[in-house]
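Inspection log for the structure reproduced underneath, given as structure tokens.
The values are calculated or read from the model by the stated rules, or taken from the named source; none is laboratory data. In this text, all values refer to a predicted model and were calculated from it rather than measured experimentally. Cβ: placed from backbone, ideal geometry, glycine included. Neighbour counts: every protein chain shown. Note: accessible area is taken over every heavy atom of the protein model, side chains too, but ligands, DNA and RNA are not part of it. Shrake-Rupley method; radii C 1.70, N 1.55, O 1.52, S 1.80 Å.
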Amino acid sequence: MPVKNGGQYIERINKNMPEIWLAGEQVKGEISEHKAFKGLMATQSAMYDMQLEDKLKAKMTYASPLTGDPVGLSFLQPKTKKDLAARREMMQIWANAHHGFLGRAPDYMNTSLMAFASAAGYLEEENPQYASNLRQYYTYCRENDITLSHVFIQPKASRWPSFMKFFEESSAARVMEKNKDGIVIRGAFLLDTQGATSDEILVYPTPLPCEGDEENPLVFAFAVPSNLPKVRFICRESFVGGESTFNYPLSSRFEEMDTLVIFDDALVPWDRVFICGNEEMAYRFFDESRFFTHASTQIMCKNIAKTEFLLGTIESLVEAAGLQRYEHVIEKVTEVIIALETLKALQLAAEKGAALDRWGSMLPNRKPLLAANAYFPKIYPRMIEIIQLIGSSGLIMIPDEKDFESEIQGQLDRYLKGIGLDAKENVQLSRLAWELSVSAFGGRQTVYERFFFGNSLIVNSRLYHGYQGRETYKQRVQDFLS
């Protein structure tokens, strides 16, 4: 199947039906009708439909090198700067559709898988079959427009210091057995965002050391269908406030469920295994594939769309309250403008400085992207704070949509109107600002952005050690002083 439409996406996920647990109960029936997943799936359904719209199809697809049929452009390995620009334009279309609130929109994992598959040649050094498996899996996902989720980390209990293992058995995920059919995996993984609403899951946890084993059983990478036997998804609390887009304009559309994924001696077929046992290779493949660089190009599109949406919300709040002439308000708004233009400049700088890598990919300049990865988690909470400061009491006094259908409507119309907005419109704007900055949905978004690529120490270290040129600048100063 080439690119799928929204109806096919929903039909496939409903048919897939993995084992999902939410609030102590197993989810039954069509997942697309469940209140925790309905809004998100409707949003992504509309996004998939965009791939087939006459005016967008040429911008969102390209001809499959295998069949000539249209496939998703986010699967394309960029080989020229023109390819990079085309990928950016496509991903920005989707980002604008979800306004940056889907951290795991389909193009994120499409891009990640492309990065891994493009560097599959590195795996041939250990096992040519693993390289072949990865290339074939990439082709399978591209040709069938697979919706993919992923896990890279394990629960903290799995990463306790080695001395703790003297007191109790380690819970680190591991290969329990190898047999003629594949590898048997036992363990838990987080944070699988959209695991319950995806066709497949890519599992590539950070390697853990294991003394005394020639092959480390804690090291592996593979991909399997979400409904693989003996795999269970445990959901966190749903942050969907309700189906009303007036009361819950964001969570009713964009709430991505995060899950803990448990493999209870699940059998992974050999043709789905990409790495097994080699700790050094598992570490180096992340770098060799340039995963963070390629993925960051998609993240930039998301973050720009999100910042534009925040700026639009803030400007709407300012106008509705008549605050345009207050200098302290202008100063806050300009902080967001500066953030937006900084992200756009870094995006273009990365694309302008692109060069071919050893795998034939046109690789964006990683320095601007690493800087953006360190910058956005710091500026996002500040932008949310600005919404709180400007929205103030309007973020708290937010009547329900049904109040405007009751006998108290006249009083609300009189006392809750804004400048250029009637009371209902003004309350609707306030409810949007509330979901962004006060609600459980908004809180999760802020934490998610803070730790998108790891905690600040990891992200800053990645920037520091990956920033080529520091020695040149230091030498320039030493030459000046001498």
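Rank Leu40, Leu370, Phe101 by how far each Cα sits towards the positive end of the charge dipole of the chain (+1 on Lys, Arg Cβ; -1 on Asp, Glu Cβ) and give me just the farthest. The residue sitting most towards the positive pole is Leu370. Using R0 = 25 Å, the C-beta based FRET efficiency linking Ser456 and Glu319 works out to 0.15. Spin-label pair Thr80-Ala349: with each label point 7 Å from Cα along the Cα-Cβ axis, the two points sit 2.7 nm from one another. Amide H to amide H distances under 5 Å link Lys230 with no residue, where only residues 5 or more positions off or on other chains count and H is placed in the peptide plane. Element breakdown for the chain at a 1.4 angstrom probe: carbon and sulfur atoms account for 54% of the accessible area.
Take every DSSP beta bridge whose two residues both sit in the chain, then give the antiparallel share in percent to the nearest 5. Around 85 percent antiparallel, to the nearest 5.
For the chain, the mean residue ellipticity at 222 nm estimated from helices alone is -15500 deg cm²/dmol, where every DSSP H run of n ≥ 4 contributes -39500 (n - 2.57) and the total is divided by all residues, rounded to the nearest 500.
Each Lys and Arg adds +1 at its Cβ and each Asp and Glu adds -1 at its Cβ; summed about the Cα centre, the chain shows a dipole of about 1120 debye. A simple rule links phi to the HN-Hα coupling: the Karplus curve 6.51 cos²θ - 1.76 cosθ + 1.60 with θ = phi - 60°, which for the stretch 260-266 gives 8, 10, 10, 9, 9, 6, 7 Hz, with x for Gly and Pro. Pull up all non-local amide H partners of Trp21: gap of 5 or more, or a different chain, and H-to-H distance under 5 Å with H placed in the peptide plane. When sequence neighbours closer than 5 places are left aside, the close amide H contacts are Val27, Phe233, Ile234, Cys235. The Cα-based radius of gyration and maximum Cα-Cα distance (Dmax) for the stretch 225-357 are 22.2, 66 Å.
Evaluating 6.51 cos²θ - 1.76 cosθ + 1.60 at θ = phi - 60° for every residue in the stretch 29-42, the Karplus couplings come out as x, 6, 5, 5, 9, 6, 4, 6, 10, 4, x, 4, 5, 5 Hz, glycine and proline recorded as x. Against the main long axis of the alpha-carbon atoms of the chain, helix 456-466 sits at an angle near 60°.
Applying 1/(1 + (r/R0)^6) with R0 = 41 Å to the Cβ-Cβ distance of Gln411 and Arg382 gives a FRET efficiency near 0.65. For the stretch 43-151, the solvent-accessible area with a 1.4 angstrom probe is 35 square angstrom per residue. Helix 128-144 and the longest principal axis of the C-alpha atoms of the chain enclose an angle of approximately 30°. Per residue, the solvent-accessible area of the stretch 331-400 (1.4 Å probe, heavy atoms of protein chains only, all protein chains present) comes to 44 Å². Length gained on full extension, Glu11 to Glu215: 69.3 nm, using 0.36 nm per residue less the C-alpha separation. With respect to the chain, whose longest principal axis is taken over its alpha-carbon atoms, helix 327-352 is tilted by about 30°.
Here the extension length gained between Lys178 and Ser132 equals 14.6 nm, from 0.36 nm per residue of separation less the Cα-Cα distance. Beyond 27 Å, the tail of the calculated P(r) for the stretch 329-482 holds 48 percent of the Cα pairs. Annotation: extensible slack from Thr245 through Ala97 equals 51.7 nm (criterion: 0.36 nm per residue apart, minus Cα-Cα distance). Over all pairs of different C-alpha atoms in the stretch 64-124, the reciprocal of the mean inverse distance, the Kirkwood hydrodynamic radius, equals 12.7 Å. For the stretch 236-248, putting each phi into the Karplus relation 6.51 cos²θ - 1.76 cosθ + 1.60 with θ = phi - 60° gives couplings of 6, 4, 6, 9, 6, x, x, 7, 5, 6, 6, 6, 9 Hz, in residue order, rounded to whole numbers and with x for Gly and Pro. For the stretch 250-327, the per residue solvent-accessible surface stands at 35 Å², with DNA, RNA and ligands left out and a 1.4 Å probe. Using the Cβ-Cβ distance between Ala157 and Thr206 with R0 set to 25 Å, the FRET efficiency works out to roughly 0.95. Solvent-free Debye calculation, one equal scatterer per alpha-carbon of the chain: log10 I(q)/I(0) at 0.08 Å⁻¹ equals -0.53.
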